[in-house]
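This report refers to the structure that appears directly beneath it.
The values are calculated or read from the model by the stated rules, or taken from the named source; none is laboratory data. Here the structure is a predicted model, which means the values were calculated and not measured. Virtual Cβ from ideal backbone geometry, glycine too; neighbours counted across all protein chains shown. Accessible surface is based on the protein model in full, side chains and every heavy atom, while ligands, DNA and RNA are left aside. Shrake-Rupley method; radii C 1.70, N 1.55, O 1.52, S 1.80 Å.
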Amino acid sequence: MASSKMISRKMIKLLSPTPPSLRCHKLSFMDHINFHLHSPYAFFYPKIPQNYSSKISQILENSLSKVLSFYYPLAGKINNNYTYVDCNDTGAEYLNVRIDCPMSQIINDPYNDAVGVVFPQDLPWSSSWNRSPLVVQLSHFDCGGIAVSACTSHTIFDGHSLSKFINDWASTARNMDFKPSPQFNASTFFPLPSETNLSSTLPTTHPSKRHVSRMYNFSSSNLTRLKDMVTKESHVKNPTRIEVASALVHKCGVTMSMEKSGMFKPTLMTHAMNLRPPIPLNTMGNAVCIILTTTVTEDEVKLPNFVAKLQKDKQQLRDKLKDMKKDMMPLYTLELGKNAMNIIEKDTHDVYVCSGMTNTGLHKIDFGWGEPVRVTLATSNKNNFIFMDEQSGDGLNVLITLTKDYMLKFQSNKELLEFASPVVESTK
């Protein structure tokens, strides 16, 4: 197993200090109820041009310093009841480490868990209260390749905000004259009501050592095959690639569960829906609602039927949100989260959690030395499916996290392997 050695640790200060008028960043109700943990993303670059190799860290540090002047809450401190960020310019934590193996050993490992070495120890998916809202790690491999990881506080950022920040950081690294335009005004759309029970948050659990993850790729051609299969056997129209891919991994999960228990168990699958629009695209913070899709019979698990149910649930949520006042959306999201938690606690359903980081540009993040060969996250909770754009083409990568015993059954599922294949990269 690879190990890391710390080269340096420092706080990256803002190039321009935060004005006193922005010192207190009010968190929105949606921020307050969200998961108070660090979301961990990593970007792997196997080939570093010779003219960059000696100055990579300086490029990252200088560009991070500038971009933090625009994303100033990431350099502050979240207060202990998650109602505001003290934007005191403490800075972002920056670690420089050396990994004692070639990159190929990490990204060609059958299990994604090996990537944990490029993150600060014990930080991914952990509490974001007593640590910097942003922790960056630059990892140097024996082969000369590098990984850049960023753990950002989910209290301040959802996936959309994180992707905007990473894209703006990379743009700044390539051109120091670039000027990002984030708006930290989510609290004007989702204000914290004065009568709020400040202990109300979305329920969360933490990853276990019993959980493992693998990444699978759905090629563009296989996604087209899945879409054709779904539309020919139903009245479903224009299914998206995430709809058909999530329907397939859901079906494989049900098959795995039935093989283990000998009987069908109802399911609940959740999807995250971005609320931008109607919220402006440059609004930073949390602006996500939850789609809940259930099945109570084996027939509902069939791909055409499940995609039809998912599309219906998505449209019903859109219709409900369309006429809803924006300040009521967080309460509705909290209600949906609690409904899901009640199902989990009663153990009446197998629960699967889906999230998508597609169409964000994260698969092409270029700090100046080219695009990454792999973009991934640290291992998360069981029955978790995270969809991302593949590095080339219009396919999908999905990071699947299950318990170890379930993964052994899941990874040999013939229907899964008909449409998806384990991701292994070449670093040559």
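Projecting label points 7 angstrom from Cα along Cα→Cβ for Ser3 and Met263 puts them 4.9 nm apart. Dipole of the chain (Lys/Arg Cβ +1, Asp/Glu Cβ -1, origin at the Cα centre): which of Ser127, Gly262, Ile344 lies farthest to the positive side? About the Cα centre, the residue reaching furthest to the positive side is Ser127.
Nearest 20 debye, what's the magnitude of the dipole of the range 211-422 about its Cα centre given +1 on Lys and Arg Cβ and -1 on Asp and Glu Cβ?
Dipole magnitude for the range 211-422 comes out near 200 debye.
Under a 5 Å amide H cut-off, with hydrogens placed 1.01 Å from N, Leu37 pairs with Ser128, His154, Thr155 among residues at least 5 apart or on other chains.
With the dipole of the chain worked out from charges on the C-beta (+1 for Lys and Arg, -1 for Asp and Glu) around the Cα centre, which of Gly116, Ser3, Tyr45 lies farthest toward the positive end? Farthest towards the positive end: Tyr45. Pairs of Cα atoms nearer than 8 Å and 6+ residues apart set the relative contact order; for the chain it is 23 percent.
Fraction of C-alpha pairs exceeding 38 angstrom in the chain: 20 percent, rounded to a whole number. Remark on Asp394: its backbone amide H falls under 5 Å from those of Ser220, a criterion applied only to residues 5 or more positions apart or on other chains, H modelled at 1.01 Å from N.
For the range 57-162, just say rounded, prolate or oblate: build the C-alpha gyration tensor, square-root its eigenvalues into a ≥ b ≥ c, call rounded for a/c under 1.5, and beyond that prolate if a/b exceeds b/c, oblate if not. Cα axes put the range 57-162 in the prolate bin. Nonpolar atom fraction for the range 4-188, defined as the carbon and sulfur part of the 1.4 Å probe accessible area, stands at 50 percent.
The magnitude of the dipole of the chain, with charges of +1 and -1 set on the Cβ of Lys/Arg and Asp/Glu and taken from the Cα centre, is near 340 debye.
Taking each pair of distinct Cα atoms in the range 4-188 once, what is the resulting Kirkwood hydrodynamic radius in Å?
One decimal place: 16.9 Å for the Kirkwood radius.
Largest GNM mean-square fluctuation across Asn217, Asn88, Asn51, computed for the chain with C-alpha springs under 10 Å, falls on Asn51.
For the chain, what is the calculated [θ] at 222 nm in deg cm²/dmol (nearest 500), taking -39500 (n - 2.57) for each run of four or more DSSP H residues and dividing by its residue count?
Taken over the chain, the calculation gives -9000 deg cm²/dmol.
Overall, the range 59-121 carries a charge dipole of about 160 debye about its Cα centre when +1 sits on the Cβ of Lys and Arg and -1 on the Cβ of Asp and Glu, all other atoms neutral. Rounded, prolate or oblate: which one fits the range 324-421, using the alpha carbon gyration tensor with axes a ≥ b ≥ c (rounded when a/c is under 1.5, else prolate when a/b beats b/c, else oblate)? Because a/c hits 1.5 or more and a/b fails to exceed b/c, the range 324-421 counts as oblate.
Evaluate 2.2 N^0.38 Å with N set to the residue count of the range 71-129, then give the Cα radius of gyration divided by it.
1.54
Summary of packing: across the peptides 152-162, 366-376, 320-330, the per-residue average of other C-beta atoms within 10 Å ranks them, highest first, as 152-162, 366-376, 320-330. For the residue pairs Lys232/Lys302; Lys302/Lys382; Lys13/Lys364; Lys265/Lys414; Lys338/Lys382; Lys26/Lys382, the C-alpha atoms sit more than 25 angstrom apart in Lys13/Lys364; Lys26/Lys382. Would you mind classifying the range 305-345 by shape? Square roots of the alpha carbon gyration tensor eigenvalues, ordered a ≥ b ≥ c; an a/c under 1.5 is rounded, otherwise it is prolate if a/b is larger than b/c and oblate if not. It is oblate, given that a/c is not under 1.5 and a/b is not larger than b/c. Computed over the Cα atoms of the range 211-422, pair by distinct pair, the Kirkwood hydrodynamic radius stands at 18.2 angstrom. Taking every protein chain into account, the accessible area of the chain amounts to 43 square angstrom per residue (probe 1.4 Å). Under 17 Å from a label point 7 Å along Cα→Cβ of Asn339: give me every residue in the range 238-273 with its amide N that close. So the set is 267-273.
Got a sec? Charge dipole of the chain, +1 on Cβ for Lys and Arg, -1 for Asp and Glu; which of Tyr332, Val67, Thr403 is way out at the positive end? Working it through, the farthest residue towards the positive pole turns out to be Val67.
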